[in-house]
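This report concerns only the one structure given below.
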Amino acid sequence: MKKIRVGVVGATGYTGEEIVKILAKHPQAELTYVSGKEDRDVKIQDIFPYLKNSLDLECRAFSFEEAAEKCDLVFLSLPHTVSQEFAPRFLKAKIKVIDVSADYRLKDEAIYEKFYKVKHKDLVSLRQAVYGLPEANRDKIKSATLIANPGCYPTGSILGILAGAKKGVLDLDSIIIDAKSGVTGAGRKAEKALNFSEVNESFKAYKLFEHQHVPEINQELERATRKEVSVVFVPHLLPINRGILSTIYVKLKKKTNTAELIALYKKFYQNEPFVKVYEGGALPEIKHVAHTNFCDIGLRVNESKNLAVIVTAIDNLGKGAAGQAVQNMNIMSGFDERAGL
Ligand SMILES: NC(=O)c1ccc[n+]([C@@H]2O[C@H](COP(=O)([O-])OP(=O)(O)OC[C@H]3O[C@@H](n4cnc5c(N)ncnc54)[C@H](OP(=O)(O)O)[C@@H]3O)[C@@H](O)[C@H]2O)c1
């Protein structure tokens, strides 16, 4: 089968690096273009030496002409606001785009402006973008030309809630998400608060009630259930490199027990290649999913309080970004969804 030609714009960042790593071994995609922001005469395998012997590609500052000539599909692993400058040019040239940033996730541009502090400049593409959570939107992803790849926290949160919400067993007014992320979630760029000595041996909550992923989680749960959703979301910074553990507290709409809720989740996700629901009330850990594209889910019900506690674990750079982006490419291209993953 002919391979598709793929580029990664922003290949020197954490998510870009991870996409490059997956594509270097992908059976049906050929990595033909990589770029960073800095103009440097360097090969990608010299930046990431573990790629020596599997890739031989120049990594320079972005050139649209070069990328457009060499690619059928591009991943944009760029900061938000930068992606929306790049995506429309590729779309106009009939090149498919998977954007890992937040630029095309929020359908309401006023909410985008409120949380990202800039006006959206590409409303035409925003209207056509498909939110790339395969477990919720697989059919739309198949024919999409622009994918808004989900955020890392939203992926772990939505997958933990989606099954119970769609099946009507969760009280959507009572969702509390307590989520903890490793430091790579903030990207490779230097920032004082993310220094090793600031993060190591500590643990903190941040951006209470104002994190930019709150409207994304609400939007997608509302779309799935057609009901109003307003979650309480408290993110925390874990002193580890990668992984997100989300503990979700939610009231049940009717009496149920742990075994019944697990059975419901298992049935809902039975055909999903990257969601694992644990048996017998076992709970997932970050180390179970690190460096994978899996979302692992554990559940227990406190019957006296009529409360479910749902724990999900993902790798923020895997299912939370690069792995999911490649999963979306596979779906858009008609490949086995698990190819390269
Ligand atoms: N990190 C995560 O866990 C995660 C998860 C889900 C989604 N995301 C989203 O994915 C996107 C990328 O995140 P990241 O963590 O990979 O960030 P990052 O590590 O900071 O990497 C950003 C990349 O974009 C390039 N870049 C920055 N400004 C540019 C510009 N004006 N023109 C061209 N290239 C530019 C950088 O190049 P240089 O290296 O040359 O500066 C680098 O390759 C962000 O929007 C983020 O919100 C991140």
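Per-structure values
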item: Answer from SER101, SER125, SER54 - the residue that is hydroxyl-bearing (Ser, Thr, Tyr), more than 10 Å from the ligand (Cβ to nearest atom) and in a loop (DSSP other than H, G, I, E, B); result: SER54
item: Options LEU221, LEU252, LEU245; residue that is within 16 Å of the ligand (Cβ to nearest atom), surrounded by 18 or more Cβ atoms within 10 Å (Cβ to Cβ) and of a type in the set (A, V, I, L, M); result: LEU245
item: From TYR249, TYR265, residue being closer than 30 Å to LYS140 by Cβ and of a type outside the set (Lys, Arg); result: TYR265
item: Among (1) away from the ligand (no atom under 16 Å from the Cβ); (2) in a helix (DSSP H, G or I); (3) at pLDDT 95 or above; (4) not β-branched (Val, Ile, Thr), the one test that GLU228 misses; result: (2)
item: Selection count where residues are outside any helix (DSSP H, G or I) and either among the hydroxyl-bearing types (Ser, Thr, Tyr) or surrounded by fewer than 24 Cβ atoms within 10 Å (Cβ to Cβ) (or both), scope region 79-98; result: 8
item: Residue list for region 156-213, filter: among the acidic types (Asp, Glu) and within 20 Å of the chain's Cα centre (by Cα); result: ASP178, GLU210
item: Residue match in region 177-185 (condition: among the basic types (Lys, Arg) and crowded, with 17+ Cβ neighbours inside 10 Å); result: yes
item: Pairs with Cβ under 7 Å, 6+ apart, first in region 294-322 and under 25 Å from GLY13 (Cα atoms) and modelled with pLDDT of 95 or more, second outside any strand (DSSP E or B) and acidic (Asp, Glu); result: ALA313/GLU285; LEU317/GLU18; ALA321/GLU18; ALA322/GLU18
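The values are calculated or read from the model by the stated rules, or taken from the named source; none is laboratory data. Worth saying up front: this structure is predicted, and the values here are computed from it rather than measured. Glycine also receives a Cβ, built like all others from the backbone with ideal geometry; neighbour counts cover every protein chain displayed.
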